[in-house]
There are 2 protein chains.
Amino acid sequence: MNFPTKLKIAVVGTGAIGAYYGSLLAQAGHEVHFLLRSDYEAVKANGYHVQTPKAKFHLHPVNAHNNTADIGPCDLVVIALKTTANAIFPEILPPLNSPGKTVFLTLQNGMGNVEKLGELFGLENVVAGLCFVCVNRTAPGVIENYMPGYIQIAEASGTARERTQALAKILQDSGTECKVSDSLERALWCKLCWNVPFNGIAIAAGGITTDKIMQSPPLRILAEKLMRELQAAAAAYGVSISEKFIEGQFTVTDGMGPYKPSSLIDYWEKRPVEVESIWGEPLRRGLAKGIPMGNLDCLYHLLDHLVRAKA
Amino acid sequence: MNFPTKLKIAVVGTGAIGAYYGSLLAQAGHEVHFLLRSDYEAVKANGYHVQTPKAKFHLHPVNAHNNTADIGPCDLVVIALKTTANAIFPEILPPLNSPGKTVFLTLQNGMGNVEKLGELFGLENVVAGLCFVCVNRTAPGVIENYMPGYIQIAEASGTARERTQALAKILQDSGTECKVSDSLERALWCKLCWNVPFNGIAIAAGGITTDKIMQSPPLRILAEKLMRELQAAAAAYGVSISEKFIEGQFTVTDGMGPYKPSSLIDYWEKRPVEVESIWGEPLRRGLAKGIPMGNLDCLYHLLDHLVRAKA
């Protein structure tokens, strides 16, 4: 399939990630429609103010909507909802779909997202984008990107193909680095090797930044044990994660200083934490293959409790 | 061996447990010497005030000492030190030992205590007493017992014998129920089936009482998973723990209300928490037998961190 030069795009989930990439795509000339809830009035009135390390722009006016029926079928649907809201997919996404034409790109965290979209629209119409980026919504309609990073995209089924490359080019042309992966399975397990230990321990160890994890001998050990369990589970799904990759997670984190993982910020601000997609789903997948995942099991249940207790 | 009618007893470690049982033994007519640190002046001057659900007594004067050389060899040495202080055994215990005559009774928590005493004085001279009791030191020299409970004693090596029964009778005659067990291994794993999950989760889940654990679905699941790991480890050491026993831990805890496990109180009051004897040692013993103990592994490392961070 080929994308038209100018896409009609819906952005569903307009927290930092959705607002940021949606604004970039709009700024690049695409027809971007944003589904907004709490920021609807602010964005409708004042548009998006986007700040990146290299640039600053003001997107105004913005195609702001409060329901998807008003948007109608799109070429591309960018989904950046919290995974805790995935249950509303069947309610809000169908009006955006033009069967056989619409591509659904989920920029969400963790596992289980492409499957839920696949049930509704066919897995062949779903692409996953893993975001390695640092972006915050500092006020309604105000988006700050601190570290440009990149998106790693992969087909929900099969390896990368022409459509994947075309989508990567669209993202790249909008100003974000985009890498194409041939294996979503690999991309997901690898990303979880960081998110599972560091997002999780940051909350479970009392609410601490990643430098505190790195400085604590027992927490470094725990982080590695969690990575080892993910490595074993990944292997059961045909994904080999190297020792060098595991070591690299520590090297990278050592360089991050007092970093607040996104789940920790969500937890502190009493927003939903993506417990199932980041910890629950990989746990269930590992256990389904008979992999001992006790460290993850314990962490998952503690987080599940802490998040409920905080809410 | 036979104990004399009136024993010379040293009590080493005079927190709530040591002070309570030592006072009962002194009240019963034995010559009891207390090794005191922070409460030395108060106890020397005012003795021990002991309150139980059934009685109240004032032990005065007390044989208060600040070093064991002044006490000299004893028939019985009752050790109620925090296990975090076990490294000082070689420094403080030898003056109390009359080789071949002195019995060392450790009333401490968790695993690894009899082995450390055995290295110094021979395992055949060591008896373990597991305390199922609720007793607090509410002020220097003031001991309050809320639930009389019982002590379960077992030989450090081999099954119960005449000496074990005699020691049980001495304890019983002092006013505490005492049960004799034929297997220390069994007694330890069984007690840990409560202490590991409930003392541990109470701290790791943010500092909560046991009723909050019981009311939280994920924490109940976690508690059971921890018990299952202990059950499997115990089996590897020849101890069969029944389903009924596991269920019973929940029933008992349901009846306890908003109970504060002793480790949680220690944690809150920034006193040493017995991380190694309650969580570290059973973990190492299970892993040594190839038992997957990931839930305990994670809990242990989180506790190790939390306790260090709080100190």
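Coordinate-derived values only; no laboratory data. From a predicted model like this one, the values you see are computed outputs, not experimental measurements. Positions of Cβ are backbone-derived with ideal geometry, glycine not excepted, and every protein chain shown enters the neighbour counts.
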Modelled FRET efficiency - R0 45 Å, residue A:245 with residue A:6, Cβ distances, 0.05 increments: 0.70
Debye log10 I(q)/I(0) at q = 0.12, 0.14 Å⁻¹ for chain A, Cα point scatterers: -0.80, -1.10
Chain A residue with Cβ closest to the axis mapping A onto B, distance in whole Å: A:294, 1
Average beta carbon contacts from partner chains per residue of A:214-220, 10 Å cutoff: 4
Summed side-chain charge close to residue B:309 - residues other than residue B:309 whose Cβ falls under 12 Å, Lys, Arg +1, Asp, Glu -1: +3
Most positive-pole-ward Cα, A:63, A:85, A:141, against dipole of the stretch A:30-188 from beta carbon charges: A:141
Computed over chain B: relative contact order in percent, which uses C-alpha pairs under 8 Å that are six or more apart: 15 percent
Dipole magnitude of chain A, debye to nearest 20 (Cβ charges: Lys/Arg +1, Asp/Glu -1, about Cα centre): 280 debye
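Need one value for A:288-301: mean number of C-beta atoms belonging to other chains within 10 Å of its residues' C-beta atoms. Display every interim value, and only then the final one.
Numbers: counts 0, 0, 0, 1, 4, 3, 12, 10, 3, 8, 16, 7, 4, 14.
Mean inter-chain Cβ contacts per residue within 10 Å come to 6.
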Position residue A:67, label points 7 Å along Cα→Cβ, spacing to each other copy in nm (shortest first, one decimal): 8.6
Pseudo-label separations to other copies for residue A:172 - Cα-to-Cβ vector, 7 Å, nm: 8.4
Percent of beta bridges antiparallel (DSSP, chain A, rounded to nearest 5): 35 percent
Interchain or long-range residues, amide H under 5 Å from residue A:179's placed H: A:151, A:152, A:153
Cβ-derived FRET efficiency at R0 30 Å, residue A:221 paired with residue A:134, nearest 0.05: 0.65
The stretch A:31-81-the stretch B:1-58 distance, computed between alpha-carbon centres (Å): 74 Å
Distance (nanometres) between label positions extended 7 Å along Cα→Cβ at residue A:123 and residue A:87: 2.5 nm
The protein assembly as shown, dipole about Cα centre (Lys/Arg Cβ +1, Asp/Glu Cβ -1), debye to the nearest 20: 460 debye
Dipole in debye (nearest 20) - the stretch A:8-182, about Cα centre, beta carbon charges: Lys, Arg +1; Asp, Glu -1: 300 debye
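Which entries in the list A:54/A:260; A:56/A:270; A:212/B:82; A:116/A:225 go over 25 Å, if you measure between the two C-alpha atoms of each? Show your work: numbers first, answer last.
Numbers: A:54/A:260 23 Å; A:56/A:270 30 Å; A:212/B:82 28 Å; A:116/A:225 30 Å.
Table pairs above 25 Å Cα-Cα are A:56/A:270; A:212/B:82; A:116/A:225.
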Global geometry of the stretch B:186-310, whether rounded, prolate or oblate, following the gyration tensor of its Cα atoms and the 1.5 cut on a/c: oblate
Label geometry 7 Å along the beta-carbon vector: residue A:211 inter-copy distances in nm: 4.2
Cα pair distances in the stretch B:60-206, grouped into 10 Å bins until the bin that holds the longest one, percent each: 10, 37, 39, 13, 1
Relative counts (whole %) of C-alpha pair distances in the protein assembly as shown, using bins that are 10 Å wide: 3, 15, 22, 19, 14, 10, 8, 6, 3, 0
Selection from A:293, A:43, A:74, by position along the positive dipole direction of chain A (Cβ): A:43
Beta bridge orientation in the stretch A:8-182: antiparallel %, DSSP, nearest 5: 35 percent
The protein assembly as shown - share of DSSP beta bridges that are antiparallel (%, nearest 5): 35 percent
Loop-resident sites, the stretch A:262-311, for trypsin sites (Lys or Arg not before Pro), counting at most 14 other Cβ within 10 Å (DSSP): A:270, A:289
Bins of 5 Å, starting at 0 and running to the largest distance - Cα pair percent for the stretch A:1-52: 5, 20, 30, 25, 12, 6, 2, 1
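Filter the DSSP H helices in chain B by two things, a Kyte-Doolittle mean of at least 1.0 and an axial alpha-carbon span of 15 angstrom or more, and list the hits by number. Intermediate values should be presented prior to the final figure.
On the way: long enough: B:16-27 (16 Å, 0.82); B:162-173 (16 Å, -0.62); B:184-194 (16 Å, 0.41); B:217-236 (29 Å, 0.29); B:243-254 (17 Å, -0.45); B:294-310 (24 Å, 0.03).
Correct list, ordered by number: empty.
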